[in-house]
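S.K.: Sharing a structure, written as structure tokens. Questions coming.
Values in this text are rule-based calculations from the coordinates and carry no lab data. Quantities reported herein were computed from a predicted structural model and do not represent experimental measurements. Cβ sites come from the backbone with ideal geometry, for glycine too, and all protein chains shown count toward neighbours.
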Amino acid sequence: MARKFDNRPIGVFDSGIGGITVLKALRARLPHENLIYLGDTARLPYGTKSAETVTAYATQATRNLMTHDIKMAVIACNTAASVALEPLSAALDPLPVIGVVGPGAEAGVKASKNGHIAVLATEATVRGGAYLRAIHALAPQADVVQKACGLFVTLAEEGWIKGDVAEAAARRYLEPLFKGRQKPDTIVLGCTHFPVLARVIARVVGPGVKLVDSAATTARAVELALTEKGLTTNRRGKGKVRFLATDSAERFARVGGIFFGEDITAKQVELVDLLPG
């Protein structure tokens, strides 16, 4: 039987700009695939909103991506993936939908030696407990502590990823996690904004703690799903990347370049309206 191929793009959604870390990982692992990234910059942050609101926003965004004839949706927003993955999968069926929480939890369990894992996330992700459930499904005896670090999102969006302010915030959030007798040996960065603060976080917690970024593990999960479903491209050239945003192309380009690791110009960012009417 001839192998199946699919040259349609992969859609990647995030509440803002942080999900570009997942986009970057996808591009590195699947260089021939076309990618479309949509950041709902007009309505961020999602991390302080209710599960119902997050689900509604995420559904609107992913349905917009579907108008671009995507073959798979990747929910690069930890908050959306933690509270809305199941309803999104049902609403978008038969489109395959992959979130960042499962791969991130799996990577955290594999990285930990002592079974003590800290999850840094937004308020909504912590409140929803998706990482807690996912980690315990893989390692029932794991000791998991969750910490809402909302200021990290603001610092990342503003590009304040080093210096005294970033380090002071990291110490305020993280030092209480390491005062007990049983200290985490692994930290799961449960928000796609947080990897750009990894150096500051690592300096605060010290060299004996592993930091887990779900972007790379999500990219591997996407690659596996594409192969299993016969959706890989047979394109030999480098895939294209499109950027969509719901507000402020200039700011998206400026801050997005920090996450992407290369310059993005405002002309590369297409503004879209997700609101009905």
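S.K.: Suppose only helical runs count, i.e. DSSP H with n ≥ 4. What mean residue ellipticity at 222 nm does that imply for the chain under -39500 (n - 2.57) per run, divided by all residues and rounded to the nearest 500 deg cm²/dmol? Mind showing how you got there, number by number?
M.R.: Working: 11 runs with 122 residues, N = 277.
Helix contribution divided over all residues of the chain: -13500 deg cm²/dmol.
S.K.: While we're looking at this one, here's another question. Using R₀ = 25 Å, calculate the FRET efficiency as 1/(1 + (r/R₀)^6) where r is the Cβ-Cβ separation of T48 and R235; round to 0.05. Walk me through the intermediate numbers first.
M.R.: Working: r = 40 Å, r/R0 = 1.60.
Once rounded, the FRET efficiency stands at 0.05.
S.K.: Using DSSP to call loops (not H, G, I, E or B), can you name the trypsin sites (Lys or Arg not before Pro) in the stretch 204-235 whose Cβ has at most 14 other Cβ atoms within 10 angstrom?
M.R.: On the way: sites: K210, R220, K229, R235; in loops: K229, R235.
Answer by residue number: K229, R235.
S.K.: A further question on this structure: Mean separation of Cα pairs under 8 Å and 6+ residues apart, divided by the residue count of the chain: what relative contact order is that in percent?
M.R.: Working: 564 pairs, mean separation 76.0, N = 277.
After rounding, I find 27 percent.
S.K.: Now for a separate question. Sum up the charges of everything whose Cβ sits under 9 Å from the Cβ of L177, counting Lys and Arg as +1 and Asp and Glu as -1, but leave L177 out.
M.R.: Values: positive: K147, K179, K183; negative: E175.
My count for the surroundings of L177 gives +2.
S.K.: Running Debye on the stretch 102-214 with equal point scatterers at the Cα sites and no solvent, what base-10 log of I(q)/I(0) appears at q = 0.18 Å⁻¹?
M.R.: For the requested q values the scattering log ratios are -0.83.
S.K.: Here's a follow-up. Amide H of M72 versus every other amide H placed in the peptide plane: which residues, excluding those fewer than 5 positions away on the same chain, fall under 5 Å?
M.R.: G11
S.K.: In nm, give the distance between the simple-model label positions of A111 and A202, each being 7 Å from the Cα along the Cα-to-Cβ direction.
M.R.: Spacing of the two 7 Å Cα→Cβ label points: 1.0 nm.
S.K.: Moving on to the next point. Let's test the formula: R0 of 35 Å, r as the Cβ-Cβ distance of E167 and D143. What FRET efficiency results, to the nearest 0.05?
M.R.: Values: r = 27 Å, r/R0 = 0.76.
Approximately 0.85, to the nearest 0.05.
S.K.: Follow-up question, since we're still on this one. Across every pair of different alpha-carbon atoms, what Kirkwood hydrodynamic radius in Å does the stretch 13-94 reach?
M.R.: Values: mean 1/r = 0.0777 Å⁻¹.
12.9 Å is the Kirkwood radius here.
S.K.: Any chance you could check the Cα centroid distance between the stretch 84-109 and the stretch 193-260 for me, in angstrom?
M.R.: 16 Å
S.K.: Rg and Dmax of the chain, Cα atoms, in Å?
M.R.: Calculated on Cα positions, Rg and Dmax stand at 18.0, 60 Å.
S.K.: Right, another one. For the stretch 102-214, what number of Lys pairs, 8 or more residues apart or on separate chains, have alpha-carbon atoms under 15 Å from each other? Mind dumping the intermediate values first?
M.R.: Working: K110/K210; K113/K183; K113/K210; K147/K179; K147/K183; K183/K210.
Within the stretch 102-214, the lysine pair count is 6.
S.K.: Pull out the extension gain between L224 and E158, defined as 0.36 nm times the separation in residues minus the alpha carbon to alpha carbon distance; nm, one decimal. Provide the component values of the computation, followed by the final result.
M.R.: Details: separation 66, 0.36 × 66 = 23.76 nm, distance 3.43 nm.
Going from the current span to full extension adds 20.3 nm.
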